[in-house]
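The values are calculated or read from the model by the stated rules, or taken from the named source; none is laboratory data. This structure is a prediction, so every number in the text was calculated from the model and none was measured. Here the Cβ is made from the backbone with ideal geometry for all residues, glycine too, and neighbour counts use every protein chain on show. These accessible areas exclude ligands, DNA and RNA; they are computed on the full protein's heavy atoms, side chains included. Shrake-Rupley method; radii C 1.70, N 1.55, O 1.52, S 1.80 Å.
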Amino acid sequence: SILIASASVVLAMFLYACSNKSVEQSRHSEPREKTAVLITDSVSTLISDSGITRYRIEAPQWLVYDKTDPPYQEFPKGIYLEQFDEDLTVKAQLKANYAYYDEKAQQWTLRGDVHALNRKGETFDTPEMKWNQESHRVYSDTSIHIVREKSIIEGIGFDSNEEMTKYTILNPTGVFPINEE
């Protein structure tokens, strides 16, 4: 009975101390709708479909904001993604120095040295790229540099399917053949 009374007193003091600390912290912190609900550092994850590993995602930091309008996810220190085939061979890659995902619009915005490799082996380099998952479209209005098997294409702006295999350069500035020697 004394043990139960002592435990009750300790528990009450603990709860009082915690409640005061949370009130004090909430007075000095951001409103809930501006605060990340999840902050994860050094993310490395594999995503599988029907037991087969399909993707690997790495990011130094991942922030999730679920009370903002619209809710979003942010990768302020960059993101790296690989897509695998059934034999776990890398078939496509994507990296950017910054990534933002608008959950409502289902749209990714990638910025800063965006580099993509499609399944055909073509590389895409641009300062900014957007991927709308709802329309299955990848696009940009910034400069684009594409290295293909036998040529390099440069321009301003592009529009593509989400596999980046069928694309249009909106304002081409040059097509340069690659010398095979």
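Structure values in brief
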{"read-out": "Out-of-range pairs (alpha-carbon distance over 20 Å; input Lys120/Lys150; Lys95/Lys130; Lys34/Lys130; Lys130/Lys166)", "value": "Lys34/Lys130"}
{"read-out": "Cα gyration tensor, the range 94-137 - rounded (a/c under 1.5), prolate or oblate", "value": "oblate"}
{"read-out": "Contact order relative to length of the range 38-181, as percent, for alpha carbon pairs under 8 angstrom and 6 or more apart", "value": "13"}
{"read-out": "Neighbourhood charge, 11 Å Cβ-Cβ cut-off, centred on Trp62 and excluding it, Lys, Arg +1 and Asp, Glu -1", "value": "-2"}
{"read-out": "Accessible-area ranking of Arg56, Arg148, largest first, probe 1.4 Å", "value": "Arg148, Arg56"}
{"read-out": "Low-density loop positions, GluC sites (Glu not before Pro), the range 85-124 - DSSP coil, at most 10 other Cβ in 10 Å", "value": "Glu86"}
{"read-out": "Within-14-Å neighbourhood charge of Val175 [Cβ basis; K, R +1; D, E -1]", "value": "-1"}
{"read-out": "Ranked by how many other beta carbons lie within 10 Å on average, peptides 168-174, 109-115 from highest", "value": "109-115, 168-174"}
{"read-out": "Gyration tensor verdict on the range 44-181 (Cα atoms; rounded if a/c is under 1.5, prolate if a/b is larger than b/c, oblate otherwise)", "value": "oblate"}
